[in-house]
Every structure is written in C-alpha cells, then in structure tokens.
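Shown next, in structure tokens, is the structure this report addresses.
The values are calculated or read from the model by the stated rules, or taken from the named source; none is laboratory data. From a predicted model like this one, the values you see are computed outputs, not experimental measurements. Reconstructed Cβ throughout: ideal geometry from the backbone, glycine too, with neighbour counts over all protein chains shown.
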Amino acid sequence: MPKKALDVTQPPKAAHVRAAYKLARERFAALGVDADQAMRAALAIPISVQCWQADDVRGLEVHEGAVDSGGLQATGNYPGAARNGDEIRADFDAAAALIPGKLRFNIHAMYAETGGRRVDRDELEPKHFARWIDWSKARRRGLDFNPTLFAHPMVKDGLTLSSSDDAARAFWIRHCLATRRIANAIGKALGSPCINNIWIPDGRKDSAVDRMGPRHRLLHALDEVLDRKLPHVVDAVESKLFGIGCEDYTVGSHEFYLAYAATRGVALCYDLGHFHPTESVADKLSATLLFVDKLLIHASRGIRWDSDHVVRFTDELRAVCDEAVRSGALGDILWALDYFDASINRVAAWVIGARALRKALLYALIEPFEAIAGREEAGNGAAKLALVEHRAELPFAAVWDYACLWADVPVGAAWLRDVAAYEIHARGERG
Ligand code: RNT
Ligand code: ZN
C-alpha cells in the first residue's frame, strides 16, 4: 500500500506556537534574556532585499548590442524570471508577505525605467526611477541604490573607474555622480537615507604586472565621485577577492577599500562571498568598526568559485550576526542580501534568504550573552564553553515560530504553499 504523502507545508496550530513560546520564554529568562524584547528588536532591523534575484541580474535597459555579463554569472534557467519592472515589483510584493520584519528594497542603475527610450548610464536622472520610488512610498519601504559598472560597452578591457582610457574612466565617473544624485533624490523622497553602494568588476584574469596603476586611478576616480557629501545618501564601497574573468587581480581589493573607507568616511561593504572560504568576516566587524563609521553587510553564501548562492542559516551567517550583536554594533551595521540563483523559484530564493538572515539576527539577539561573557571575563573557560554549547540546545525554534506568527507571516514551511500559488499565477502570465 502506498503511504499517504505527508504534507510538510502544514502550518502548526497557532495555539501550539503560543504555548511553545511561553515555555521557551521562561528558559531564556532563566539565562537572563528577555525573549519578547529580542524578538521585537530582530523584527525592527531593516533588511534590504536585492531586486536582481528576480531577473538574474539582467536589468531593464534597452541595449543596442550584446554586452558581456561583466563577471556576474547567473546560472540556471528556471522558468518565470521577471521581464520588466512591474513583474519585479509584483514578485517582491508576493515575497515580502512571507518574510517577517522590516524590509527595504535594493535596485541597480540598470533597472531604470525609461519608457523604451535608450538613456545611457551617464545621463540617468531621478525621474527614471520614479516608479520604484512611488511603489516604495506606497509600501512605506526604504529604497537603496547601486551604480551599475558592468554589462556595458564602456567596460574597457575589464576596467571601469580604474581604466587608463580617459574617455571610459570619465564616463564611469559621470555615471557614479549621476547615481549619487539619484540616490539622494530617492532618500529625500522616501524620508529614509538611501544606501548607494559602489562595486566595480575591475581586475585582470592572469598575472597582472601593473597593480599600482589601476588602483591609483581608482583612488582618484572615487575621490572625484565622492567629493561632496549628499544629505540623503549613505555611500558605501565594496571589495572582492576575485571574479569570473579576473581571478588573478581585483583592483578594489579588501585592503584598498578598508583603507579608503577609513580615510574618506564612507561605509565599508562586506560581501560574505568575497573572501577566502576559510576567512572569517565575523571577526572583521569589531576590528574595522573601530576605524570605519558604518558597515554594509551583503549577506551571501559562497560555494567554491561562486560567491552568490542563496543565503542560509549557516555557521558563517550566525557568526556575523553574533558579532554584530555582541559588539553592540547593530546601530552601525546595514543589512542587505546579495545573491542570485536562476535555477530555482526566484520568489522562494528571496524568502529563504531573507528569512535566514532574520532568523540569524534573532538567534544572535537571544543569546545569553551576559551570562557567557561573564564566565569568559572571570577566566572560567570551561563554563564559557559549556554555555556556548548549551545555547544550541535552547528552544530557539519556538521563538522563531512565534516571531513569524507575531509578524503575521506563515510559520514553518507553510509559505511554500503561497509561493506555489503565486508561481501558477505568474506562469499563466509569463508563459
Ligand atoms: C558583485 C557584488 C555586487 C553585485 C551587485 C549586483 O560581486 O557582490 O554587490 O552582486 O551589485
Ligand atoms: Zn555584493
């Protein structure tokens, strides 16, 4: 007899979720942690969600010819990728209903809506993003921005702001200046500062011999771009270890941007997929926050050569969130997601990653930190270790479930049903 298939998306009863939480809250209280407070704090942290998961980083531009992807390679051909701004927005509306807590949205300059007209990147204006602004305003969500320095014919020999081609470098400087003006208009319109993050793909595939020249040019180009502070913009710069096609040398390396951010007073972006696989980004938070004002975290998950897998509740992610909370640095850290997987349902990819980050933030906020740190301070290493281990046995799941209930989003895996229903609807429209 075939077994009846188990419906794993069946949500738990709300009364059970509440009862489990009541017991869990007592366990945490016994360790000096206020679960209610942790839950509220975790849900209040804005997470900026990347628009580019919706369409595999294709963008909405009108191109004249084929352009190189510029080191960002989305792989997979799962059906249903969004084909225009309206579809991206509809997809995110569907995803946002399944993610607990405060959200922002994060767009790139290549998502300009120009009414079918070709507007080059150095001529972009705030009006080309009016529809994004209106949508964000209606949903009371902040909107973040990025200049797009890839997938364009002015990327010369893999270089943009660091190019020795004066015309190309000037073009990208104009683009970056235009995008800062746009970010400022966004921040002003929405009454919430717009994070404008600069990432460039510049680098060389093999055995670069001139490593100083491009960095020198990048330094001066950035200084020109960031010369004037804008009141509604948080400027950030993002490093990378290597990219596809620039395995040997990345102009904007970690050391370059760490020093740049520290000396220029801009935010430093740590993309979790942009470091050596065994290098701990978590450990960098306290070290660098003593010298830079703000950090932007691009939550991502590297696997082998790829830095952009869907975020999960991994040791690495938890370690970063733990460090943010333990360092008392939540006020200095901005949280964003950065990945793109074209091989699975893209709405689900958003939901999985955003829920994972929110979960990791809650997990960090509900740590019995005082109790554990007290043992460390007293030199009792064994007790500290025992408590660190004990943390993993605490009924965290009951708190997370309750947080979802409280935030009015599906508990457990029940959100998969909503995504499946939306997929049928979207597929009807998109074919
Ligand atoms: C690329 C960087 C960058 C991009 C987005 C699209 O390696 O991580 O943040 O992913 O700007
Ligand atoms: Zn990134």
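Listed here are the residues, each with its yes/no results for (1) out of contact with any Lys or Arg (no Cβ under 8 Å at 6 or more places or on another chain); (2) crowded, with 16+ Cβ neighbours inside 10 Å; (3) at pLDDT below 95; (4) farther than 23 Å from Ala74 by Cα.
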{"site": "Asp341", "(1), (2), (3), (4)": "yes, yes, no, no"}
{"site": "Arg346", "(1), (2), (3), (4)": "yes, yes, no, no"}
{"site": "Trp350", "(1), (2), (3), (4)": "yes, yes, no, no"}
{"site": "Ala360", "(1), (2), (3), (4)": "no, yes, no, yes"}
{"site": "Ala382", "(1), (2), (3), (4)": "yes, no, no, yes"}
{"site": "Asp408", "(1), (2), (3), (4)": "yes, no, no, yes"}
{"site": "Ala413", "(1), (2), (3), (4)": "yes, no, no, yes"}
{"site": "Arg417", "(1), (2), (3), (4)": "yes, no, no, yes"}
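Considering region 133-181, and only residues there that are among the small types (Gly, Ala, Ser) and within 24 Å of the chain's Cα centre (by Cα), the residue that is nearest to Asp227 (Cα to Cα) turns out to be Ala178. Restricting region 284-309 to residues that are in a strand (DSSP E or B) and hydrophobic (A, V, I, L, M, F, W, C), the residue that is farthest from ligand 2 (Cβ to nearest atom) is Ile303.
Just to be sure, is Ala66 out of contact with any Leu (no Cβ under 8 Å at 6 or more places or on another chain) and at pLDDT 95 or above? Answer is no for this residue. Just wondering, is there one or more residues in region 172-192 that are touching a Lys or Arg at 6+ places or on another chain (Cβ under 9 Å), within 16 Å of ligand 2 (Cβ to nearest atom) and among the small types (Gly, Ala, Ser)? No, that holds for no residue.
Is it the case, given these coordinates, that Arg140 is in a loop (DSSP other than H, G, I, E, B) and without any contact (Cβ under 8 Å) to a residue 24 or more places away in the chain? Yes: the conditions hold for Arg140. Residues that are surrounded by 12 or more Cβ atoms within 10 Å (Cβ to Cβ) and among the polar types (S, T, N, Q) within region 71-83 comprise just one, Gln73.
For region 181-197, filtering for residues that are in contact with a helix residue (DSSP H, G or I) (Cβ under 7 Å, 6 or more places away or on another chain) and surrounded by 24 or more Cβ atoms within 10 Å (Cβ to Cβ) leaves 4. Filtering region 262-283 to residues that are under 25 Å from Leu226 (Cα atoms), more than 15 Å from ligand 2 (Cβ to nearest atom) and in contact (Cβ under 8 Å) with a residue 12 or more places away in the chain leaves Ala262, Arg264, Gly265, Val266.
A Cβ distance below 8 Å, combined with a sequence gap of six or more or placement on separate chains, defines the contacts here; from region 1-28, residues that are under 24 Å from Ile372 (Cβ atoms) reach residues that are hydrophobic (A, V, I, L, M, F, W, C) and assigned to a loop (DSSP other than H, G, I, E, B) in the pairs Ala24/Leu394; Arg27/Leu394; Phe28/Ile366; Phe28/Leu394.
Yes/no per residue for (1) of a type outside the set (S, T, N, Q); (2) away from ligand 1 (no atom under 16 Å from the Cβ); (3) assigned to a strand (DSSP E or B); (4) under 30 Å from Asp248 (Cα atoms):
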{"site": "Glu87", "(1), (2), (3), (4)": "yes, yes, no, no"}
{"site": "Ile107", "(1), (2), (3), (4)": "yes, no, yes, yes"}
{"site": "Thr114", "(1), (2), (3), (4)": "no, yes, no, no"}
{"site": "Phe150", "(1), (2), (3), (4)": "yes, no, no, yes"}
{"site": "Asn184", "(1), (2), (3), (4)": "no, yes, no, no"}
{"site": "Gly187", "(1), (2), (3), (4)": "yes, yes, no, no"}
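Across region 226-256, which residue is surrounded by the fewest Cβ atoms within 10 Å (Cβ to Cβ) among those that are under 19 Å from the mean Cα position of the chain (by Cα), of a type in the set (A, V, I, L, M) and over 20 Å from Gly302 (Cα atoms)? Top of the filtered list is Val234. When restricted to residues that are in contact with a strand residue (DSSP E or B) (Cβ under 8 Å, 6 or more places away or on another chain) and of a type in the set (Ser, Thr, Tyr), region 273-329 contains 4.
Taking first residues from region 360-377 that are within 19 Å of Ala403 (Cβ to Cβ) and in contact (Cβ under 8 Å) with a residue 60 or more places away in the chain and partners that are surrounded by fewer than 19 Cβ atoms within 10 Å (Cβ to Cβ) and among the hydrophobic types (A, V, I, L, M, F, W, C), the Cβ contacts under 6 Å between residues at least 6 apart in sequence or on separate chains come to Leu365/Ala41; Pro368/Leu31. Every condition in (1) within 26 Å of Pro100 (Cβ to Cβ); (2) buried (at least 16 other Cβ atoms within 10 Å of the Cβ) holds for Ala392 except the one numbered (2). Beta carbons closer than 6 Å, at least 6 apart along the sequence or on distinct chains, pair a first residue in region 63-85 that is closer than 14 Å to Gln53 by Cβ with a second that is at pLDDT 75 or above and among the hydroxyl-bearing types (Ser, Thr, Tyr) for Gly76/Ser343; Tyr78/Ser343.
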